[in-house]
1. Which of the numbered conditions does residue 75 fail, given that it passes all the others? Conditions: (1) open to solvent by 30 Å² or more (accessible area, probe 1.4 Å); (2) under 16 Å from residue 121 (Cα atoms).
2. Would you mind stating whether residue 61 is of a type outside the set (Ser, Thr, Tyr), outside any strand (DSSP E or B) and surrounded by 13 or more Cβ atoms within 10 Å (Cβ to Cβ)?
3. Mind listing just one residue for me: the one in region 78-88 that is open to solvent by 60 Å² or more (accessible area, probe 1.4 Å) and in a strand (DSSP E or B) and, of those, farthest from residue 42 (Cα to Cα)?
4. Check off (1) touching a strand residue (DSSP E or B) at 6+ places or on another chain (Cβ under 6 Å); (2) under 25 Å from residue 131 (Cβ atoms); (3) not polar (S, T, N, Q) for residue 69 and give me the number that stays unchecked.
5. Give the residue that is farthest from residue 48 (Cα to Cα), with candidates limited to residues of region 89-103 that are part of a strand (DSSP E or B) and open to solvent by 70 Å² or more (accessible area, probe 1.4 Å).
6. Of all the residues that make up region 104-119, how many are open to solvent by 30 Å² or more (accessible area, probe 1.4 Å) and among the aliphatic types (A, V, I, L, M)?
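The values are calculated or read from the model by the stated rules, or taken from the named source; none is laboratory data. Since we're looking at a predicted model, the values are computed, not measured. In this analysis, Cβ positions are derived from the backbone assuming ideal geometry, glycine residues included, and neighbour counts consider all displayed protein chains. The protein model used for the area step is the full one, side chains on, heavy atoms only, and it has no ligands, DNA or RNA in it. Shrake-Rupley method; radii C 1.70, N 1.55, O 1.52, S 1.80 Å.
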Amino acid sequence: MKSIHISIFLSLLVVGFSSCYEEPDWLAENVTPGRGNFPVISTFGTTNGSEFAAGETVQLDLRFFSVDEIDRIVLSSIIDAVETEEETFAYTPNFAEDSQTDKLLMSYTIPANLPATVTKVILKVEIINKNGLTRDASVTVDILM
């Protein structure tokens with residue numbers, strides 16, 4: 001009798017939790033009716049660590065694709081909540097077999113004159129399609145003093 005109650009309880013628990021789970025809707029998240037497709041960022045990260053001193057260079061690896069035509073890719077830094085556009089890249093196809101996406105390698109040099117209170121820099125990349133739809137991602141690097 002006790003095992004039946006436990007079985008019923010576990011069944012109700014499973015049903016209760018599964019009803020809270022929302023399935024991701026890839027199409028709804030990546031398409032705007034009448035405007036086209038958003039770019040998709042597969043991964044964005046550093047390739048040479050996560051801690052850097054002033055003057056050191058961060059190597060960045062962006063993997064992405066888009067069904068619609070890409071206009072440009074913008075790399076920005078965010079330091080103390082101030083966003084600065086660092087570089088704009090024209091889209092050049094560069095298919096990577098390993099990820100089955102386009103690949104863009106970028107570099108960013110940590111400013112030499114950072115105030116001592118700055119402990120992190122956020123690097124943000126934004127892909128802008130010709131249809132006006134965009135997608136962005138960011139990575140945070142720690143600053144060594």
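1. Failing condition for residue 75: (1).
2. On the way: of a type outside the set (Ser, Thr, Tyr): yes; outside any strand (DSSP E or B): no; surrounded by 13 or more Cβ atoms within 10 Å (Cβ to Cβ): yes.
Criteria not met by residue 61.
3. The initial filter retains those residues of region 78-88 that are open to solvent by 60 Å² or more (accessible area, probe 1.4 Å), namely 80-88.
Restricting the remaining residues to those that are in a strand (DSSP E or B) gives 82-88.
Working: 82: 26, 83: 23, 84: 24, 85: 22, 86: 22, 87: 21, 88: 19 Å.
Step by step, filter region 78-88, then rank; the result is 82.
4. So the condition that residue 69 fails would be (1).
5. 90
6. Of all residues in region 104-119, those open to solvent by 30 Å² or more (accessible area, probe 1.4 Å) come to 104-105, 107, 109, 111-117, 119.
Checking which are among the aliphatic types (A, V, I, L, M) leaves us with 104-105, 112, 114, 116.
Here the count works out to 5.
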